[in-house]
Amino acid sequence: MDWDERFRLYMTSRLANPHFSPELAAKATIIDFTVTQGGLEQQLLGRLISKEQKSLEDQLTQLQEEVTSNTKTLQSYEEQLLERLANAQGSLLDDTELIDVLATIKTKSKEVNEKLVEAKEKKIEINDKRELFRPVAARGAVLYFCIVEMTLINWMYNTSLQQFLGLFDYAIDFSPKAQLVKDRVHNITSWLTRRVYRYINRGLFEKDKITFKLMMATKILIKDGKLTNGDVGLLLKAGSGIDDRNKPFNWMQQKQWLNLKALSKHKFNTEHTMFFKELPERVNRNEQLWKKWIDENEPENTPVPDYEEKIAADQNIGHFIHLCLVRAMREDRTLLAASQFIKEVLGDEFVSPVTD
Amino acid sequence: MVDPATIGEWNMEGLPSDDLSIQNGIMVTRSSRYPLMIDPQSQALTWIKQREPELLEQNTVITLNVPDLKRALQFPLENGYPVLIESIENEVDPMLDPILEKQITRRGKKCFIKLAD
């Protein structure tokens, strides 16, 4: 059949992780349009600015247009110049017309260059203003990826980007206005977090709710640079990865001992060098005290022997360290300790029962 | 590879403005082979539809499951309209191979392509 040159073919796939055959990969260009956390952050920032400070975004587009047209003029001047020079006949110095042209081109290109420099400075200024709003976009991206990861638990929890953007817009439109950008950013961020939590929470099974909240809390801390993935790994895996048969305490279960060893070897964050390094030794020295704490009905509400002050002194992740300790020694109390942790990171509202 | 004006145009058409999306945009528009976009969030879909208004005018947004794929492709092939095939799963109909590989024969001024049934 006939073939028209203008024919174009596009193909899209909705699968997040498709397996295309090598033959297909050779025949078509496979391009991954899946949003990444960084990409989403940029998109959200643009969306936010265009709603929040329309003039800023307009200024930026206008500036970009100006820069483009100016660069183009500059290029055409340069071309003109070369052409004149190439076509000049006889001695260059005798051609007065040419010299005039050269002079005008020179002044004009100087003007354009000045404009470009000006535009550059302005751009930096605008970008600085934009950056003030970045925390909101960053939080948004983190929350969206929490939602996406919930699909791993249950396929039913799929939530589209559109839905999420709806929530994002809602938070911008309805959160309280403020005079200072800083306050405004704070308002939007907390509204967004709360809104997303309530919205998603409504659709989750009871047993998965705490998972979602815990994920939100840890991911937010990771994004803030207070926790690392390794820290979360410790919370989840504890001592299951190590082997040590020389348990010195008869009253302790093997599992608890392994967890304890794992804790003592773990480096929290980057600055905390082995927070629990002396833990086995301390337990050995204060055996009675520790045994009492571990056998406590509510160890998560009882002061930790030896470490209570040190944990409280850590403003950033003391709550997380405490959670890890409870999880290591009393797995059955982990969920309750996790609730406390969530409450401290996200706020009361996230642990109090909701009725809708 | 592109100037800011083009990028601005793409953004107007609905392509997200982050770096990765722009790189993807370059790949879609500059690649010599036809693009197959992995697009769980439908961002590429929205963009392409805006970019190629003829898709909606000529009703050439199709899936591989249309009753007569050959007929659906014939009209745009002969008249030079864009085609968008949505929701590709892991396999692509081998019928598309000649198109993907651009097996075009030239006879005089006209070009031809052979499609199997």
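With charges set only on the Cβ (+1 for Lys and Arg, -1 for Asp and Glu), what does the dipole of chain A come to about its Cα centre, in debye to the nearest 20? Write out the running numbers ahead of the final one.
Details: 50 positive and 53 negative charges, 309 e Å.
Charge dipole of chain A: 1480 debye, to the nearest 20.
If the chain between A:Asn201 and A:Arg134 were fully stretched, how many nm would it gain, using 0.36 nm times the residue separation less the Cα-Cα distance?
Working: separation 67, 0.36 × 67 = 24.12 nm, distance 2.56 nm.
So the chain would gain 21.6 nm between A:Asn201 and A:Arg134.
Using Cα pairs under 8 angstrom and six or more residues apart, how large is the relative contact order of region A:279-356, in percent? Before the final figure, lay out the partial values.
On the way: 44 pairs, mean separation 16.1, N = 78.
It comes to 21 percent, rounded to a whole number.
May I ask for the longest run of chain B untouched by GluC sites (Glu not before Pro) that are loop-located per DSSP and have at most 16 neighbouring C-beta atoms (other than their own) within 10 Å?
Working: sites that count: B:Glu13, B:Glu89, B:Glu91, B:Glu101.
Answer - B:14-88.
Would you mind working out the magnitude of the charge dipole of region A:234-350 relative to its Cα centre, with +1 at each Lys and Arg C-beta and -1 at each Asp and Glu C-beta, to the nearest 20 Debye? Numbers along the way, then the final one.
On the way: 17 positive and 19 negative charges, 123 e Å.
Rounded to the nearest 20 debye, it is 600 debye.
Can you give the net charge of the other residues whose Cβ lies under 11 Å from the Cβ of A:Val326, counting K and R as +1 and D and E as -1?
Details: positive: A:Arg327, A:Arg330, A:Arg333; negative: A:Glu296, A:Glu298, A:Glu300, A:Glu331, A:Asp332.
With Lys, Arg at +1 and Asp, Glu at -1, the neighbours total -2.
What is the spread of the Cα atoms of region A:57-131 along each of their three principal axes, largest first, in whole Å?
The Cα atoms of region A:57-131 stretch 57, 14, 13 Å along the principal axes, largest first.
For region A:57-131, what is the relative contact order in percent, using Cα pairs closer than 8 Å and at least 6 residues apart in sequence?
Relative CO of region A:57-131 lands at 50 percent.
Could you tell me the calculated FRET efficiency between A:Lys120 and A:Arg6, based on Cβ-Cβ distance and R0 = 56 angstrom, to the nearest 0.05?
According to the calculation, E is roughly 0.90.
Note down the nm distance, to one decimal, between modelled labels 7 Å out along Cα→Cβ at A:Thr104 and at A:Ser91.
With each label placed 7 Å out from Cα toward Cβ, I get 2.5 nm.
Find out how many positive minus negative residues lie around A:Ala262, taking Lys and Arg as positive, Asp and Glu as negative, among other residues whose Cβ is under 10 Å from that of A:Ala262. Let's see the in-between values first.
Working: positive: A:Lys237, A:Lys261, A:Lys265; negative: A:Asp244.
With Lys, Arg at +1 and Asp, Glu at -1, the neighbours total +2.
Which Cα, out of A:Ser91, A:Ser76, A:Val345, lies furthest along the positive dipole direction of chain A (beta carbon charges, K/R +1, D/E -1)?
Going by the Cα projections, it comes out as A:Val345.
Assuming R0 = 51 Å, can you tell me the calculated FRET efficiency for the pair A:Glu344 and B:Asn59, based on Cβ-Cβ distance, to the nearest 0.05?
Numbers: r = 57 Å, r/R0 = 1.11.
Result of the calculation: an efficiency of 0.35.
In deg cm²/dmol, rounded to 500, what helix-only [θ] at 222 nm does chain A give when every DSSP H run of at least 4 residues adds -39500 (n - 2.57) and the total is split over its residues? Could you put the intermediate results ahead of the total?
Values: 15 runs with 234 residues, N = 356.
For chain A, the value works out to -21500 deg cm²/dmol.
Suppose each label sits 7 Å from its Cα in the direction of the beta carbon; what would the B:Arg71-B:Lys114 distance come out to in nanometres?
2.4
Please state, to two decimals, what the Cα-based radius of gyration of chain A comes to when divided by 2.2 N^0.38 Å (N = residues). Don't skip to the end; give the middle numbers.
On the way: Rg = 30.5 Å, N = 356, 2.2 N^0.38 = 20.5 Å.
Cα Rg divided by the expected 2.2 N^0.38 Å: 1.49.
Name the trypsin sites (Lys or Arg not before Pro) in region A:1-89 that are in a loop by DSSP and that have at most 11 other C-beta atoms within 10 Å, would you? Display every interim value, and only then the final one.
Working: sites: A:Arg6, A:Arg8, A:Arg14, A:Lys27, A:Arg47, A:Lys51, A:Lys54, A:Lys72, A:Arg84; in loops: A:Arg6, A:Arg14.
Passing sites in region A:1-89 are A:Arg6.
Mean separation of Cα pairs under 8 Å and 6+ residues apart, divided by the residue count of region A:175-260: what relative contact order is that in percent?
Averaging sequence separation for qualifying contacts and normalising by length gives 15 percent for region A:175-260.
How high is the FRET efficiency between A:Leu336 and B:Glu101 when r is their beta carbon distance and R₀ equals 45 Å, given to the nearest 0.05? Present the calculation step by step, with values, prior to reporting the outcome.
On the way: r = 62 Å, r/R0 = 1.38.
Once rounded, the FRET efficiency stands at 0.15.
Starting from one equal scatterer on each C-alpha and no solvent at all, send me the Debye-based log10 I(q)/I(0) for chain B at q = 0.13, 0.23 Å⁻¹, two decimals.
-0.59, -1.44
What is the Cα convex hull volume of region A:1-132 when expressed per residue in Å³?
Details: hull volume 33.2 nm³, N = 132.
Per-residue hull volume (Cα only) is 251 Å³.
Return the lysines within reach of A:Lys51: Cα separation strictly under 17 angstrom, same-chain partners fewer than 8 residues apart disregarded; answer none if there are no such residues.
Partners within reach: A:Lys129, A:Lys177, A:Lys182.
Once the cut-off is 13 Å, how many percent of the Cα-Cα pairs in region A:300-356 end up in the long-distance tail? It would help to have the intermediate numbers written out before the result.
Values: 965 of 1596 pairs.
Here the tail beyond 13 Å accounts for 60 percent of pairs.
None of the figures in this text is laboratory data; all of them are computed from the coordinates on show. Just so we're clear, the structure is a prediction, and the values are computed from it rather than from any experiment. Because the Cβ atoms are built from the backbone with ideal geometry, glycine has one as well, and the counts that use them run over all protein chains shown.
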